[in-house]
1. Just a yes or no: is a residue in the range 368-376 in contact with a Lys or Arg (Cβ under 7 Å, 6 or more places away or on another chain), on the phi > 0 side of the Ramachandran plot and not polar (S, T, N, Q)?
2. Condition test on SER424, is it modelled with pLDDT of 95 or more, of a type in the set (Ser, Thr, Tyr) and more than 16 Å from the chain's Cα centre (by Cα)?
3. For the range 344-365, name all the residues that are open to solvent by 40 Å² or more (accessible area, probe 1.4 Å) and at pLDDT 95 or above.
4. Only one of (1) in contact with a helix residue (DSSP H, G or I) (Cβ under 7 Å, 6 or more places away or on another chain); (2) modelled with pLDDT of 95 or more; (3) of a type outside the set (Val, Ile, Thr); (4) under 23 Å from VAL344 (Cβ atoms) fails for ALA252. Which number is that?
5. Of the residues that make up the range 478-497, is at least one open to solvent by less than 100 Å² (accessible area, probe 1.4 Å), modelled with pLDDT of 95 or more and in contact with a Lys or Arg (Cβ under 6 Å, 6 or more places away or on another chain)?
6. Could you check ILE164 against (1) over 24 Å from ARG310 (Cβ atoms); (2) at pLDDT 70 or above and say which number it fails?
7. Check TYR255, TYR251, TYR271 and return the single one that is touching a Lys or Arg at 6+ places or on another chain (Cβ under 8 Å), of a type outside the set (A, V, I, L, M, F, W, C) and closer than 30 Å to VAL397 by Cβ.
8. Scan the range 252-274 and give yes if some residue there is free of Cβ contacts under 8 Å to residues at least 12 places away in the same chain and in contact with a strand residue (DSSP E or B) (Cβ under 8 Å, 6 or more places away or on another chain), otherwise no.
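The values are calculated or read from the model by the stated rules, or taken from the named source; none is laboratory data. Nothing here was measured: the structure is a model prediction, and the numbers come from that model. Glycine also receives a Cβ, built like all others from the backbone with ideal geometry; neighbour counts cover every protein chain displayed. Just so you know, the surface numbers come from the protein's heavy atoms only, side chains and all, with ligands and any DNA or RNA stripped out. Shrake-Rupley method; radii C 1.70, N 1.55, O 1.52, S 1.80 Å.
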Amino acid sequence: VYFTLRSAFSTISTEREKLKQMLENDASSSPSAQIVGLKNALTSAIAQNTDLKDRLRRIHAESMILDSASNAKSSPDLVKENAREESRGLVHQVSNESRLSIADSLTEFFDAQEVLLSASSSENEVSDDDSYVSDISDNVSEDNLSNDMENERQTLDCISESGIGCNSKRRTCLPAPCPNTSNISLWNILRNNIGKDLSKVAMPVELNEPLNTLQRLCEELEYSQLLDKAAHTPNPFERMVYIAAFAVSAYASSYYRAGSKPFNPVLGETYECIREDKGFQFFAEQVSHHPPISACHAESVNFAFWQDVRWKNEFWGKSMEIVPVGTTHVTLPAFKDHFAWNKVTSCIHNILSGQRWIEHYGEIIIKNLNDDTCHCKLTFIKAKYWNPNAHEIEGSVVDKAGKVVHRLFGKWHDSLYCGTTSSSNCIWRANPMPKDYEQWYGFTQFALELNELDLQTRSLLPSTDTRFRPDQRFLEEGNIEGAEMQKQRIEQLQRERRKVLEENNLEHQPRFFRKSSDDSWVSNGTYMDLRKEPGFSKLDNPVLW
């Protein structure tokens, strides 16, 4: 009943807006019988709208009471923790089957021009599972009732569903929209490089996005609240569930980004991101050029996060594979946990023609190096021609005896559930996309903020920070010609520096990272100390551009 009323509410609201527009267009002309009829219809629609609002409030209040009663009967450990996180929206008691059926029907509803509401219509059928209603938050506004239940990611003005809220000081768009790349022939660029590593192939700057690989690594922390949640979860199996959700969330931002590539950092380039609202400090450095290796480190009171990643790109005619090599690490000091996992292969399809799209496939194995109580296996399922359900993932948390404790499923760009398809908890859901995100390279709100440079931050950054890189800044501002010229100049400067090192039989020494005993790159602990005292403005910094 609740969702049927919501559909009716949306229909009436839409019709009311259409009637208002028609009345405004005809306001200058004399009243006609049609206008009088429209006015009467508008008055009737407003009356029905008000009545539906009252009924929706009552039904929603009753649903929350039912939800509370249902939660009281659920598993005590995970549900008690989930109840404390309702304000963050991290966990929802939900029936996945009913979610999918309702979301699909709502998608059909909004695509149609005319809708017939019928009690027997399959588009308005609701599951008997009362737990689904608890997915509706107390603070859902009436204006957004028609949007918040879409299965796919939403296009809203708000920033996050995670309860962090909007920060009005951060930008919500870029200085200029992304350029039109339809006139660029990728075949002419790639035809002689089939089966080769594309990291050494020069690409036009129009194919880039105004972020680089170091910033892409920072994007993996968009859902750092999952690590905060894990750091406050005593049960080791439930902690592993949140770590798994964090590992999956790292791929969500790539869903709308198949049409462009990040800038390749030059050797010695750095990037920092200090987010007081999220409680972490992040910094990264390009520690090697051949092979290209990016290293990063982040800390908060609840966790530490680090990784070094190198990519191998291979072009196969119609698609391009991106194979990452490296390990991601997360430690939770409260429990002395040290989690480590690998990354899966990414593939961009329709490189030469058609609509490009990206998929991820392979297996992620998450282990706690300090405790063998459990481990997690996540499978990113490769799309098949006969399987319409793309982007799916499935996995399980297994104890040391091999017994499955928690089952996981969902889609890497949308959400992750724990439980069975008939009764499950939504552990993670992707944030809604910003308004007009298609114009801004498909960036999430978090990504839109990564290259932002304000006066206060400018004075604290080293000159090697990505935000000072001119070609990337020009592209962000829409100056394509200037970006291409600066890109070629910066690459030439890097070749000259490399030549000097080779002539003097020297190797580049990273400033903020060192090699560990297993040949991985870890922080040497100097970045934040130097930032504080004496400050990067008082130090000699290499000239990269």
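1. no
2. no
3. Matches in the range 344-365: GLU363, ILE365.
4. All conditions pass for ALA252, except number (1).
5. No, every residue in the range 478-497 fails to be open to solvent by less than 100 Å² (accessible area, probe 1.4 Å), modelled with pLDDT of 95 or more and in contact with a Lys or Arg (Cβ under 6 Å, 6 or more places away or on another chain).
6. Failing condition for ILE164: (2).
7. Result: TYR255 is the single residue among TYR255, TYR251, TYR271 that is touching a Lys or Arg at 6+ places or on another chain (Cβ under 8 Å), of a type outside the set (A, V, I, L, M, F, W, C) and closer than 30 Å to VAL397 by Cβ.
8. Yes: the range 252-274 contains one or more residues that are free of Cβ contacts under 8 Å to residues at least 12 places away in the same chain and in contact with a strand residue (DSSP E or B) (Cβ under 8 Å, 6 or more places away or on another chain).
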